[in-house]
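Nothing in this text is a laboratory measurement; each read-out follows from the coordinates by a stated rule. Note that the coordinates shown come from a computational prediction; the quantities given were computed from them, not determined experimentally. Please note: Cβ atoms are built from the backbone with ideal geometry, for glycine as well, and neighbour counts cover all protein chains shown.
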Amino acid sequence: MNTLGEIWIQLFKNGSFGFILLSVINQMVYFVLLMSKTNRSDKYKFAAHNEVKYLKRTANLFSIAIFFYLFGLISGWLGLAQSYEFIFVAFMAFMITFMIGYGFTMYLQYYYPFVLEKRLRAIRFKKLKSSSGNYMKLLNELEEDEFMSDEMIALEDASEADFDVWIDEVSGEKVIQKYDISEKALICSKCNFRTLKERKEKILKDASEFEEGLLERTYNCTYCNHRELKEVKILSWSKRRELEEI
């Protein structure tokens, strides 16, 4: 093997470790940012919007590392010297890497939403203590309406947000936490995966200052291509202005 070929093979091997390091750093950055969120609703929102994005970036960096490592490893085994031989090995390494990367993509797209759902529930429903040090009770849908404003209830009815009401039954302290669910994928009624995403919307009735409107949303499942239509209320202008202050 010529010296130039040996240099390239070594560079690819070193590059693989560099990309592995980048993938580890990327994931560590995510967890540091997640843990920096002290409010559970902020932590929930950050995880819901960013966890899959960081994992995809980590998977891409790791896939590149695999390609570099395979290229260097196979080239070293074969003792390549000609350019066309390097092209052949690069093609082999690319195909293996593509299959691994495709596996990562399928996992993140179709299975990981179930894992993320469990993680989000663990964040959202973790036991909460009041300022008095007592464990608080999470009210159910019927109980919480007594402590929520009409604007909060309207926001839930419009599927734009969800509210959790926690009560300290000893001191009477109340905590209301808001969760944005407007961009969250829904569970598909056909395949039961959380892969039903909004594709377009159509206004059936415009909202006015004091009257609600009506909106038709079209959802498509990214797994089985199932299509669903859902009608949701549009908040009146006055209620929307009030909700912006919450």
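Model label points for GLU173 and ASN14, set 7 angstrom from Cα along the Cα-to-Cβ axis, are 5.7 nm apart. Placing dummy labels 7 Å off each Cα toward the beta-carbon, the span from GLU141 to ASN225 is 3.3 nm.
Among ILE96, ALA47, ILE123, which residue has its Cα furthest toward the positive end of the charge dipole of the stretch 3-124, with +1 on Lys/Arg Cβ and -1 on Asp/Glu Cβ? Most positive-ward Cα: ILE123.
Placing pseudo-labels 7 Å out from each Cα toward the beta carbon at LEU21 and GLU201 gives an inter-label distance of 4.6 nm. For the chain, the longest principal axis of the Cα atoms and the long axis of helix 83-106 meet at an angle of about 20 degrees. Based on DSSP H segments of at least four residues, each scored -39500 (n - 2.57), the chain has a per-residue ellipticity at 222 nm of -17500 deg cm²/dmol. Residue pairs exceeding 20 angstrom between C-alpha atoms, taken from LYS37/LYS127; LYS53/LYS190; LYS56/LYS200: LYS53/LYS190; LYS56/LYS200.
Using Cβ point charges alone (K and R +1, D and E -1), the dipole size of the chain about the Cα centre works out to roughly 1280 debye.
Our estimate of slack between GLU209 and LYS56, defined as 0.36 nm per intervening residue step minus the Cα-Cα distance, is 50.8 nm. For the stretch 127-181, the Cα gyration tensor yields ellipsoid semi-axes of 22, 11, 8 Å (square root of five times each eigenvalue, largest first, whole Å). Treating the chain as a set of equal point scatterers at the Cα positions, no solvent, please give the Debye-formula log₁₀ I(q)/I(0) at q = 0.11 Å⁻¹. Cα-only, vacuum Debye calculation for the chain: -0.79.
For the stretch 89-212, rounded, prolate or oblate, judged on the Cα gyration tensor with a ≥ b ≥ c (square roots of eigenvalues), a/c < 1.5 rounded, else prolate if a/b > b/c? In terms of gyration-tensor shape, oblate.
Rg and Dmax over the alpha-carbon atoms of the stretch 24-65 stand at 11.2, 36 Å. Overall shape: prolate for the stretch 3-124, with the ratio a/c of the largest to smallest alpha carbon gyration tensor axis at 1.5 or above and a/b above b/c.
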